[in-house]
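First comes the structure, then the notes that go with it.
The values are calculated or read from the model by the stated rules, or taken from the named source; none is laboratory data. Just so we're clear, the structure is a prediction, and the values are computed from it rather than from any experiment. For neighbour counting, all protein chains shown are included, and Cβ atoms are generated from backbone atoms with ideal geometry for every residue, glycine included. These area figures cover heavy atoms from the full protein model, side chains too; ligands, DNA and RNA do not enter into them. Shrake-Rupley method; radii C 1.70, N 1.55, O 1.52, S 1.80 Å.
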Amino acid sequence: MKPPPFELHRPTSVEEVLSLLAEHGDDAKVLAGGQSLIPLLNFRLARPEVLVDINRVTELDRISASPDGGISIGALTRQAAVEASELAVTRNPLLGDALRLVAHPQIRNRGTFGGSVAHADPAAELPVAIVATDATVSVRSRGGERRIPAGEFFVSHLTTVMADDELLVSVDLPAVPERCGTAFEEFARRSGDYALGGAAAVVALRSDGSCASAALALLGAGDVPIRAREAESAVVGRPIDAASAAEAARQAVRDTSPISNMHGDADYRRRVVEAMVERALLKAAGRAEARSS
Ligand SMILES: Cc1cc2nc3c(=O)[nH]c(=O)nc-3n(C[C@H](O)[C@H](O)[C@H](O)COP(=O)(O)OP(=O)(O)OC[C@H]3O[C@@H](n4cnc5c(N)ncnc54)[C@H](O)[C@@H]3O)c2cc1C
C-alpha cells in the first residue's frame, strides 16, 4: 500500500516545528525515524494531512551528561546511537539491556529514542525502561515547556499526555543508585519481535547483601508500562533469592490486566510477565553483587 497524500514540511529548528504544530493541530504528525509512523500511513491506519519531518532539527540529536550523574537524551537521537554510547549505558545500564531487545539493528539505526517514547506502544521496551528509572520527559509547545514524570506520561495504548501542538524534546534519566544492578527480561516468539511480556528491574544492595531499593516495571501487563510498587516494597530489606523473587513476581502481576489476542490470552501473558519479573530480579541482584564485590 502507498500512504494517503500529505503535505511535507522539513523544518530545521525546534521553533519552526512548534509553529507548524500550532498551525496545523491534529491534522499534523511529527515524523522522526518513521519506523512506526510510515507503516501506519502505508496501511492507512493514520491519515495526517501534514507531516512535520524533524530529521533536520539537529539540536534534538544529542546525549549529554547531567550534573546529578544522570543523562539527558534528545528526542531525535537514534536508538542505535544510545546503545553505542558509553556515557548512556554506563550511567544507565538498563538502557543497554532494553535497547538490545528493541526490534532489529536496522530498525534501531533509524528509530529514535523520542519516537519510541511518543509512540507509546505497550509492548515497547524504552517506555518500560524510562518508567523503571524514574525518568522525566520534556515536551514543548509555543506556550512553553512541561516536564512530566515518565510514570505519568503514558495514558493508554499509543496515547500519551502530550497535546497535538507539543513536541517531545528530551528524556532525562537520573543516576542509578550505588551498588546497583539492572536487567531487562522478555519473551518474544522470535528474536526482534515485539515481546508478549517482559520486566525491567533496578536493584541496589546493602553491604550485608540485602536489598536497599528495587524498581520493577512491567511490559505487556496492561496498556501502559506498570510500576509494581507493592512487589518492590516486598523485597526491600530482604536478600533477593529464588523464594523472595518468586514471591515478588507473583505479587507484581496480581492485579494486572494484560490484553488477550491471537498471540496469547491474558492469563498466559500474566504468567509470562511473572516469569520475567522473577528472572529480571535475580539477574539484577546478581549484577549488583558482582559490581560491589
Ligand atoms: C518490524 C518492526 C519491529 C519493531 N519491533 C519493535 C520492538 O520489538 N520494540 C520496540 O520498542 N519497537 C519496535 N519497533 C518500533 C521502533 O522501535 C520505532 O522506531 C519506534 O516505535 C518509533 O520511533 P520512530 O523514531 O521510528 O518514530 P516514528 O515512526 O517517526 O513516529 C512514531 C510516532 O511518534 C510520534 N513522534 C515521533 N517523534 C516525536 C517527537 N519528538 N515528539 C512528538 N511526537 C513524536 C510520531 O508522530 C508518531 O505518531 C519495531 C518497528 C518495526 C518496523
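Taking 0.36 nm per residue of sequence separation and subtracting the Cα-Cα distance, how much length would be gained by fully extending the chain between Tyr268 and Ser156, in nm to one decimal? Please list the in-between numbers first.
Numbers: separation 112, 0.36 × 112 = 40.32 nm, distance 2.12 nm.
Stretched out fully, the Tyr268 to Ser156 stretch lengthens by 38.2 nm.
Quantify, in whole percent, the carbon and sulfur part of the accessible surface of the chain (1.4 Å probe; protein heavy atoms only). Write out the running numbers ahead of the final one.
Working: 6530 of 13290 Å².
Carbon-and-sulfur percentage of accessible area, whole number: 49.
Working from the alpha-carbon coordinates of the range 55-203, get Rg over Rh, Rh being the Kirkwood radius. Don't skip to the answer; put the middle values down first.
Details: Rg = 14.4 Å, Rh = 15.4 Å.
My calculation of the ratio gives 0.94.
Could you order peptides 19-28, 111-120, 171-180, 75-84 by the average number of other Cβ atoms within 10 Å of their residues, highest first? If you can, show how the numbers build up before the last one.
On the way: 19-28: 16.5, 111-120: 25.3, 171-180: 18.5, 75-84: 21.3.
Peptide ranking by packing, descending: 111-120, 75-84, 171-180, 19-28.
Could you compute the FRET efficiency for Arg229 and Asp164, with r as their C-beta to C-beta distance and R0 at 22 Å, rounded to 0.05?
Working: r = 32 Å, r/R0 = 1.44.
For R0 = 22 Å, the calculated efficiency reads 0.10.
For the range 1-142, give the share of DSSP beta bridges that are antiparallel, in percent and rounded to the nearest 5; count only bridges with both residues there.
Numbers: 4 of 11 bridges.
About 35 percent, rounded to the nearest 5.
Between the range 1-66 and the range 169-210, what is the separation of their alpha carbon centroids in Å?
Each part reduced to its Cα centre gives a spacing of 30 Å.
Set the Förster radius R0 to 22 Å, insert the Cβ-Cβ distance between Phe43 and Ser191 as r into 1/(1 + (r/R0)^6), and round the FRET efficiency to 0.05. Please list the in-between numbers first.
Working: r = 24 Å, r/R0 = 1.09.
Computed FRET efficiency for Phe43 and Ser191: 0.35.
Under a point-charge model restricted to the Cβ atoms of Lys and Arg (+1) and Asp and Glu (-1), what is the dipole moment magnitude of the range 61-173 relative to its Cα centre, in debye to the nearest 20? Let's see the in-between values first.
Working: 10 positive and 14 negative charges, 53 e Å.
Value, rounded to 20: 260 debye.
By the gyration tensor of its Cα atoms, with a ≥ b ≥ c the square roots of the eigenvalues, what is the shape of the range 1-128: rounded for a/c under 1.5, prolate for a/b over b/c, or oblate? Let's see the in-between values first.
Numbers: a/c = 2.47, a/b = 1.51, b/c = 1.64.
Cα axes put the range 1-128 in the oblate bin.
Using alpha-carbon positions, what is the distance between the centroids of the range 137-152 and the range 238-293, in Å?
31 Å
Return the loop-located trypsin sites (Lys or Arg not before Pro) in the range 94-178 (DSSP other than H, G, I, E, B) with at most 15 other Cβ atoms within 10 Å of their own Cβ; answer none if there are none.
Values: sites: Arg100, Arg108, Arg110, Arg140, Arg142, Arg146, Arg147; in loops: Arg100, Arg142.
Hits after loop and neighbour filter: Arg100, Arg142.
Hey, what's the Kirkwood Rh for the chain if you take every pair of different alpha carbons, in angstrom?
Details: mean 1/r = 0.0513 Å⁻¹.
Here the Kirkwood hydrodynamic radius works out to 19.5 Å.
Taking only DSSP H segments of four or more residues, each worth -39500 (n - 2.57), what value at 222 nm results for the chain once the sum is divided by all its residues, to the nearest 500 deg cm²/dmol?
Values: 12 runs with 106 residues, N = 293.
Taking each H run of at least 4 residues, the total per residue is -10000 deg cm²/dmol.
Take the chain, connect every pair of alpha-carbon atoms lying under 10 Å apart with a spring to form a Gaussian network, then pick out the residue of Pro67, Pro122, Pro93 with the largest mean-square fluctuation.
Among Pro67, Pro122, Pro93, the largest GNM mean-square fluctuation belongs to Pro67.
Cα-based Rg (one decimal) and Dmax (whole number) for the range 180-292, in Å?
Radius of gyration, then largest Cα-Cα span, for the range 180-292: 13.7, 47 Å.
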